[in-house]
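Engineer: The structure is given below, and queries will be raised subsequently.
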Amino acid sequence: MAKRLLLLMGALITCAVLGACAGQNSSCPEGGFNSISVKKYSNFTPGKLWLDNNGRHINAHGAGFLHDNGRYYMFGEHKLGGALGNKALVGVHCYSSDDLYNWKDEGIAFKMSRDPESKVIIGTVLERPKVLYNPKTKKYVMFFHLEFRQGPTKKSLNIDDIRKEKNDYSAANIGFAVADKITGPYKFVGSTRLHANKFPVNASESLKKLVAQNKNFDNISELGNSVKNGTVDDLFAKHFKIGQTCRDFTAFLDDDGKAYIISASEGNGTLYVSELNDDFLGFTGKYTRNLIGGFHEAPAIFKTKGKYYMFSSHCTGWNPNPGRVSVSDNIMGEWRELGNPCRGEGQVESSTYRAAKADTTFRSQSTYVIPVQGKADAFIYFGDRWHPYDAMDGRYIMLPVEWEGDMPVIRWRNSWNLSFFDSKK
Ligand code: GAL
């Protein structure tokens, strides 16, 4: 056993080192660097390497942000190099900042387990972590999309076994972890599908009837961006007893202290808004179905001027697609889709850059909207430019949210800083 663990640790260290080199080679086309000189940023440069206080590219993919005690915190998937890096081999990485440009490495806030019986054993898929502070329990609560390893080697800690396993997205759970300190360590509490045996508050009569019919739905299956042999209602009925799927999601704390999980559910076909209970470690049971059959992923929510806005994407896996933005007067809906928020030419092709146009959300997928502290109505769209074949080299796209009337829009900028928001007043 000890020998196997040592072998695994060795393999992980090799991966991390190889990955770091792959991502941070000075001949890298999207901006190399010298790891000895750590620069102090005063601008955002979307798509370029983004170095932390140690000179390493920030490793926090599918990130969530939290402002706490005067500092910003970023939590994201710690990825390794190569395609293997898309599996959770390390955990959730945390960084802190007082200006949003420069980030201090706060270490791994949530560590994957080496216990073969654990639901969060290394090599699972753990994505899009988000953290909220619960003032009632005085705990920090971390949420994540969790999938399980499947198949005969699912309990193995051997890196070659893990490498060979296909990433399986069928469990579609939301996971919960808690900590006393914002930087962790976060302790795994459990994971679940959503709302087994419960109808949403806005369930249609036809949906209730369909469930009551108790049909055999064996031939209905989800394909990630559609439903085979049926509709999202059929999928809802199929999963009614075992709970609905939950994949891409975000967590949102409203002004009144209530918190919500907004998730791509029903095979990514329908967005759920689910109210969290008092300790944020479970649900009250109150939830709504939204934009039914619209197939949205990557929800990222912000609230301004009494309305809720949501960036999201279509469902094309790691490949970017045209972004989407929706609005609602109430967090629980009814949500209305406004269209593609991307404007302008985008990132123009050059000798070092591939073009990144509005029809691919500037080659990104939304993950969060950061409210800028101390500035009225200042929000930053934050997205991932995934590099699935060298996962840790994924880049971050941060762009200021602008307005076209009541519609939030984003434009490509090679470089910008927070004074952008002052000039808009
Ligand atoms: C994306 C999703 C990512 C990840 C990926 C896997 O659509 O937003 O978080 O799940 O698919 O293909």
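The values are calculated or read from the model by the stated rules, or taken from the named source; none is laboratory data. Fair warning: this is a prediction, and the values are worked out from it, not measured in the lab. Here the Cβ is made from the backbone with ideal geometry for all residues, glycine too, and neighbour counts use every protein chain on show. Side chains are part of the model used for accessible areas, which takes the heavy atoms of the whole protein and leaves out ligands, DNA and RNA. Shrake-Rupley method; radii C 1.70, N 1.55, O 1.52, S 1.80 Å.
Engineer: I'd like the Karplus ³J(HN,Hα) series for segment 261-267: coefficients 6.51, -1.76, 1.60, θ = phi - 60°, whole numbers in Hz, and an x wherever there's a Gly or Pro.
Structural biologist: 10, 10, 10, 7, 10, 6, x
Engineer: Give the accessible surface of segment 60-192 per residue, rounded to a whole number of Å², with probe radius 1.4 Å and ligands, DNA and RNA excluded.
Structural biologist: Details: 4810 Å² over 133 residues.
I get 36 Å² per residue for this part.
Engineer: At 1.4 Å probe size, with every protein chain present, just tell me what the per residue accessible area of segment 317-425 comes to in Å².
Structural biologist: On the way: 4690 Å² over 109 residues.
About 43 Å² of surface per residue is accessible.
Engineer: Taking the DSSP beta bridges in the chain as the whole, what percent of them are antiparallel, to the nearest 5? Kindly include the intermediate steps, with their values, before the conclusion.
Structural biologist: Details: 91 of 94 bridges.
So the antiparallel bridges amount to about 95 percent of the total.
Engineer: Now for a separate question. Pairs of Cα atoms under 8 Å, at least six residues apart: use those to get the relative contact order of the chain, whole percent. List each step's numbers first, then the result.
Structural biologist: On the way: 1033 pairs, mean separation 57.2, N = 425.
Here the relative contact order equals 13 percent.
Engineer: In a Gaussian network model over the chain where Cα atoms closer than 10 Å are linked, find which of 220, 58, 370 has the largest mean-square fluctuation.
Structural biologist: 220
Engineer: Using a 1.4 Å probe over the heavy atoms of the protein chains, calculate the carbon and sulfur portion of the accessible area of the chain as a whole percent. All intermediate terms of the calculation are to be shown ahead of the outcome.
Structural biologist: Values: 9220 of 17790 Å².
Carbon with sulfur: 52 percent of the solvent-accessible area.
Engineer: Same structure again: Given springs between every Cα pair under 10 Å in a Gaussian network model of the chain, which of 217, 144, 252 has the largest fluctuation?
Structural biologist: 217
Engineer: Can you give the local net charge around residue 338? Use residues other than it whose beta-carbon is closer than 13 angstrom to its beta-carbon, Lys and Arg +1, Asp and Glu -1.
Structural biologist: Its environment carries a net charge of +1.
Engineer: In addition: When the chain is fully extended, how far beyond the present Cα-Cα distance does residue 197 get from residue 376, taking 0.36 nm per residue of separation?
Structural biologist: Numbers: separation 179, 0.36 × 179 = 64.44 nm, distance 4.26 nm.
Extending this stretch completely gives an extra 60.2 nm.
Engineer: Hydropathy at least 0.5 by Kyte-Doolittle, axial extent at least 18 angstrom from the Cα trace: which helices of the chain, defined as entire DSSP H runs, fit?
Structural biologist: Details: long enough: 2-23 (31 Å, 1.69).
Membrane-span-like by this criterion, though nothing is claimed about a membrane: 2-23.
Engineer: Tell me which residues come under 5 Å, amide H to amide H, from residue 244 once H is placed; ignore anything under 5 positions away on its chain.
Structural biologist: Counting only residues 5 or more places away or on other chains, the set is 194, 195, 196.
Engineer: Same structure, new question: On average, how much accessible surface per residue is there in segment 208-264, in Å², for a 1.4 Å probe, leaving out ligands, DNA and RNA? Could you put the intermediate results ahead of the total?
Structural biologist: Working: 2690 Å² over 57 residues.
Result: 47 Å² per residue.
Engineer: Can you check what the net charge comes to around residue 82, using other residues whose Cβ is under 14 Å from the Cβ of residue 82 (Lys, Arg +1; Asp, Glu -1)?
Structural biologist: Working: positive: 79, 87, 163, 164; negative: 160, 390, 393.
Every neighbour counted, the sum reads +1.
Engineer: Using a 10 angstrom cutoff on alpha carbons, build the Gaussian network for the chain and name the most mobile of 322, 152, 200.
Structural biologist: Its mean-square fluctuation being the largest, the pick is 152.
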